[in-house]
Amino acid sequence: MQGEPVMSKESHDPKYEMLRQYGALNAATDAVRDECFLSHEFFDLRDLVQVKYEMLRRVRIDGASVSQAARDFGFSRTVYYQALALLEEQGLPGLIPKRPGPKGAHKLNDAVLEFIQEQQHGADEPLRLEALAKMIGKQFAISIHPRSIERALARRRKKGL
């Protein structure tokens with residue numbers, strides 16, 4: 001129908017959406033040259049966890065060399081050894097990609113939040129976030145954006161602290 005956006009097959013595929021949502025979508029499907037992935041419906045080039053697992057299995061069970069398996073599955077030898085270590089340490093869940101970046105407010109730790117609370121209680125009126133950021137910079141020698149302070153305070157209020 002004219003005027004409707006063109007939707008790719010993948011946009012209606014629930015597996016594609018789940019792989020994308022969890023960061024397990026293989027962005028380099030064209031680099032995978034393993035025959036199983038190219039000729040069998042069970043094997044899904046888009047599934048990064050499955051591709052890495054099969055690469056590891058190919059070496060351990062089938063006796064392929066690390067270099068050949070890494071090449072056939074579109075990875076470097078370094079990625080092979082990283083995946084092997086994760087599998088041995090954490091099992092299959094270890095192959096699920098982790099989200100990059102900090103896992104929490106690493107600058108606004110408990111000591112900084114207590115400092116903020118002390119400053120607010122000692123003031124006649126609520127301090128501006130910019131002023132708090134400057135005070136924190138002087139006291140703890142760290143640079144904090146006022147919006148980060150605002151979010152941290154909102155999280156504390158939500159938790160009832």
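The values are calculated or read from the model by the stated rules, or taken from the named source; none is laboratory data. Predicted, not measured: the structure shown is a model, and the values here were computed from it. Cβ: placed from backbone, ideal geometry, glycine included. Neighbour counts: every protein chain shown. For accessibility, only protein heavy atoms count, side chains too; no ligands or nucleic acids. Shrake-Rupley method; radii C 1.70, N 1.55, O 1.52, S 1.80 Å.
Under 23 Å from the Cα of Lys107, which lysines turn up, not counting those fewer than eight places away in the same chain?
Those lysines meeting the cut-off are Lys98, Lys134, Lys138, Lys158, Lys159.
I want the local charge near Leu95. Using Cβ-Cβ distances under 15 Å, sum +1 for each Lys or Arg and -1 for each Asp or Glu among the other residues.
Within the 15 Å Cβ shell, the charges total +2.
Using modelled backbone amide H atoms (1.01 Å from N, in-plane), which distant-in-sequence or interchain residues come within less than 5 Å of Asp47's amide H?
Answer set, sorted by chain and number: Asn26.
Relative contact order, percent, of segment 77-160 when contacts are C-alpha pairs under 8 Å separated by at least 6 residues? Provide the component values of the computation, followed by the final result.
Details: 37 pairs, mean separation 16.5, N = 84.
Here the relative contact order equals 20 percent.
Determine ³J(HN,Hα), in whole Hz, for all residues of segment 91-97 in sequence, where each value follows from phi through the Karplus function 6.51 cos²θ - 1.76 cosθ + 1.60 and θ = phi - 60°; x replaces Gly and Pro.
x, 4, x, x, 7, 6, x
At a 1.4 Å probe radius, carbon and sulfur cover how many percent of the accessible area of the chain? Provide the component values of the computation, followed by the final result.
Working: 6130 of 11430 Å².
Here it works out to 54 percent.
Under 14 Å from the Cα of Lys52, which aspartates and glutamates turn up, not counting those fewer than eight places away in the same chain?
Asp34, Asp44, Asp72, Glu88
With charges only on Cβ, +1 for K and R and -1 for D and E, what is the dipole size of segment 121-161 about its Cα centre, in debye, rounded to 20?
340
Where only protein heavy atoms count, and the probe is 1.4 Å, what is the accessible area per residue for segment 27-116 in Å²? Don't jump to the answer; show the numbers that get you there.
Details: 5520 Å² over 90 residues.
So segment 27-116 comes to 61 Å² accessible per residue, rounded to a whole number.
Using a 10 Å Cβ count of at most 15 others and DSSP loop calls, identify the longest part of the chain lacking such chymotrypsin sites (Phe, Trp or Tyr not before Pro).
43-161
Based on DSSP loop calls and a cut-off of at most 12 other Cβ atoms within 10 Å, the longest stretch of the chain free of exposed trypsin sites (Lys or Arg not before Pro) is what? Spell out each step's value before the answer.
On the way: sites that count: Arg33, Lys98, Lys103, Arg128.
That would be 34-97.
Each residue of segment 74-84 in turn: what ³J(HN,Hα) in whole Hz from Karplus with 6.51, -1.76, 1.60 and θ = phi - 60°, glycine and Pro shown as x?
Using θ = phi - 60°, the values come out as x, 10, 8, 5, 4, 4, 4, 5, 5, 5, 4 Hz.
Pairs of Cα atoms under 8 Å, at least six residues apart: use those to get the relative contact order of segment 21-131, whole percent.
On the way: 84 pairs, mean separation 25.6, N = 111.
Normalised by residue count, the contact order of segment 21-131 is 23 percent.
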